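Take a look at the structure set out below.
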Amino acid sequence: MNDITATIESADEYLTFALGEEEYGVEILKVQEIRGYDTVTRLPDAPDYIKGVINLRGTIVPVIDMRLKFRLAKAEYNALTVMIVLNVADRVVGMVVDSVSDVVRLESEQIRPVPEIGATIDRQFITGIGTHGERMLILLEIEKLMTSAEMGLVSHANAA
């Protein structure tokens, strides 16, 4: 394998987005589309972070508010609020975020493990911390998050 091939294979692209003051990243290959936030049909007895569902070209898509999921300050919906439509475990899911920033390419040496902070944070859905210039990105293991039993979006037979 030559150096160019090794460099390409060791780099991943992430769609970056904001939730409050923090920047997050998800693998770009999981992203189906980015759309403005639109009204959703609320589902009875759903957890707060599941905003409801939308009809996306004939497909019923559950919509998750990531601010509520991560127990951040209450979300305010404005012109910058965006829905990232993801394709995870053969299921389409909408993820509401404050805004989308850009797509960044991170080399493996730009990704650091999540520091040990005890039981204060749930690290199972975080791949690592990406550094891009002065920016720090919390890289999410979005498929693991969206297919977790807690979310209940994908049956475990499909998630395996």
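THR147: at pLDDT 85 or above and over 17 Å from ALA18 (Cβ atoms), yes or no?
Spelling it out, it is not the case that THR147 is at pLDDT 85 or above and over 17 Å from ALA18 (Cβ atoms).
How many residues does segment 17-41 hold that are farther than 19 Å from MET136 by Cβ and in contact with a Lys or Arg (Cβ under 7 Å, 6 or more places away or on another chain)?
1
Looking at (1) more than 17 Å from MET146 (Cα to Cα); (2) open to solvent by 80 Å² or more (accessible area, probe 1.4 Å); (3) in a loop (DSSP other than H, G, I, E, B), can you tell me which one LEU72 breaks?
Failing condition for LEU72: (2).
Quick grid of which residues meet (1) without any contact (Cβ under 8 Å) to a residue 60 or more places away in the chain; (2) crowded, with 19+ Cβ neighbours inside 10 Å; (3) assigned to a strand (DSSP E or B):
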residue	(1), (2), (3)
VAL26	no, yes, yes
PRO44	yes, no, no
ILE60	yes, no, yes
TYR77	yes, no, no
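The values are calculated or read from the model by the stated rules, or taken from the named source; none is laboratory data. In this text, all values refer to a predicted model and were calculated from it rather than measured experimentally. Quick reminder, even Gly has a Cβ in these numbers, built from the backbone with ideal geometry, and neighbours come from all protein chains shown. Ligands, DNA and RNA are stripped out before the accessible areas are found, and what is left, the full protein with its side chains, is counted by its heavy atoms. Shrake-Rupley method; radii C 1.70, N 1.55, O 1.52, S 1.80 Å.
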